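No lab work stands behind these numbers, since they all come straight from the coordinates. If you're wondering where the values come from, they're calculated on a predicted model, not measured in any experiment. Cβ atoms come from the backbone with ideal geometry, glycine included; neighbour counts cover every protein chain shown.
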Amino acid sequence: MAFNPFAERGIPIEKQWDPIKRIVQDPYDKERVDELSRLRVIDTYGMENEQWYFYHQLARHTDNDEIREAVALIRRTEDQHRSEASFLFDPTTTILELTIAYEHLAVAITAAAAKDEPDPYIRQVFDYGLLEDYDHLFRFSILLDRLERLDANSITRRLVEIKPGRPTWEEHLHPRDTLRNFFDARKADPLTRLHALSILAPEQQTRQYYASEGYWLKDQAARQLYAEIGQIEEQHVSQYESIIDPRSSWLEMAIDHEYNEIYTYHGFLQTERDPKMKGVWEDHLAEELEHLRIWNELYNKYEGKDGRQLWPEQLPKPIALEPAQQINDYVKQVLANQVNLRAAGKNFVPKDRLPADWPSGPYRQNIDAGNSPSTNYQPPQGPVGGVRL
Ligand SMILES: [Fe+2]
Ligand SMILES: [Fe+2]
Ligand SMILES: [Fe+2]
Ligand SMILES: [Fe+2]
C-alpha cells in the first residue's frame, strides 16, 4: 500500500514523551531473539544517536527562536528513542558478542544497499567498505572463540558466512585517501541519498561502540584489536559522510534526517516478525511523521520551499536484510572481483597499480600496519568453533 510521509498523520509533539517505565521495556533474550530483530535494534540505536548528534549541532548553529524551540521539542523524542532502543539489549550480552552483531549489521546493510544502488560510483564506495567490515566480522569471530569459547555463528545464526575479506591490516588509509566525491542532492536518485544516510549512522555507531567499550576488555591483544578496527571504522565514517551533498541548508538536512527515519521504520515494519519490536517501530514511525511535518512547515515559512521538492511522496524501496542468500551471494561476488582494490584519493585502483606517491603507503609504514594487532587473527590451523574458512 502506498505510504506518503507528507500526508500520513503522526502523533502531536506534546504527546510524544513517554513515562520512564515505558522507555525501559523488558530486554530481548539474546538466545531467543530473531537475529534480524537484534540487527534492527542496533540500527535504530545508531540512527537515533545520529539524530541526537545532528540536532545538538543544529541547535548550536541557529539564532532563530522558532527553530531552536522545534529542535528542543523534536530532540527530546529522539533522545527517548535512542534510550528505548538501548534498553532493549539483553544485559547479559558480552561486549564481544554484541560486536559480532554490529559487524553482521554492517555487512548486511551495506550489501543490501549496494546491490540495489543505482549510482555505480556510490555502489563502488559501498562495496569497498563492505569487504572491510566482512573481514572485521571474521577477525572478531576468532577473538570470540579464543576468549569466550563461543561460535560466532551462534550469534549470526548463520545468516552470513564468516570468512576473511580485505585483510584488516591492509585497510589502513591516510586521511586523504578516505574522502570520496559527493553526489548532487538535487540530481541524485532518492535511493542513493537514503542508502548513504542509512549506512553512515550504523558505521558511526560502530565507531562509537569500539571507542566506548574496547577499553573494558582485560586481554591486551583484544584491546589492541578494538583500537585497530576502531581506526578503520573512523575511516568508514569519513568515507560515508563525504559522499553526502554538503550544500543542503540546515532545514533541508533536518528534513532529510526525518525522511530517512520514516523510510527506515517503515521498511522494518515490512519484515519484522517479533510483535514487541513491531510495536516499537510503529510508535517511532508515528512520531517521526510529526517531526517531518514540523520541519516542512518551517521550511515553507523560512525558505519558501516544500519538502516534496526534496523527496518523493512514495517511499522508495526499503533496504532488505533478507533473504540472507542474496546478501551472501552479493558479498561473494564483490569479494571475488574487488578484494585487491585500494582507495587512492577519491578513486579505487588495483593494488599493483597504485601511484608511487600514494599517501597511504608511508602512512601504513608509520603506524606499522604490516605488524598490526589484526595480523594475530589469522585463519586457525584446526577447526576453531564454527568459523567457516
Ligand atoms: Fe527518532
Ligand atoms: Fe567493521
Ligand atoms: Fe565499518
Ligand atoms: Fe525524528
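Observations, loosely collected:
- Under conditions of 4 °C and 1.567 mPa s, segment 17-168 yields 74 µm² s⁻¹ as its translational diffusion coefficient, taking Rh as the Kirkwood radius over Cα pairs in the Stokes-Einstein equation.
- Taken as entire DSSP H runs, the helices of the chain that both span 27 Å or more between Cα atoms along their own long axis and average 0.0 or more on the Kyte-Doolittle scale are 95-116.
- Whole-Å distance, taken between Cα centres, linking segment 300-338 and segment 129-175: 25 Å
- The alpha carbon radius of gyration of the chain, expressed as a multiple of 2.2 N^0.38 Å, is 0.98.
- Entries of Lys187/Lys317; Lys163/Lys346; Lys163/Lys317; Lys317/Lys351 with Cα pairs more than 24 Å apart: Lys163/Lys346; Lys163/Lys317; Lys317/Lys351
- Per the Cα gyration tensor, segment 1-97 maps to an equivalent ellipsoid with semi-axes of 29, 17, 14 Å, ordered largest to smallest.
- In this simple spin-label approximation, Gln25 and Asn337 carry label points 7 Å from Cα along the Cα→Cβ vector, and these lie 4.1 nm apart.
- Of the residues Gln338, Gln25, Tyr209, the one whose Cα sits farthest toward the positive end of the charge dipole of the chain, with +1 on the Cβ of Lys and Arg and -1 on the Cβ of Asp and Glu, is Gln338.
- Value of D in µm² per second that Stokes-Einstein yields for segment 40-126, Kirkwood Rh from Cα pairs, at 20 °C (1.002 mPa s): 140 µm²/s
- Which of Leu194, Leu36 has the fewest Cβ neighbours within 10 Å, and the rest in rising order: Leu36, Leu194
- Packing-based exposure ordering (other Cβ within 10 Å, fewest first) of Lys317, Lys30: Lys317, Lys30
- Legend: ranking of residues Trp281, Trp17, Trp311 from fewest to most surrounding C-beta atoms inside 10 Å; resulting order Trp17, Trp281, Trp311.
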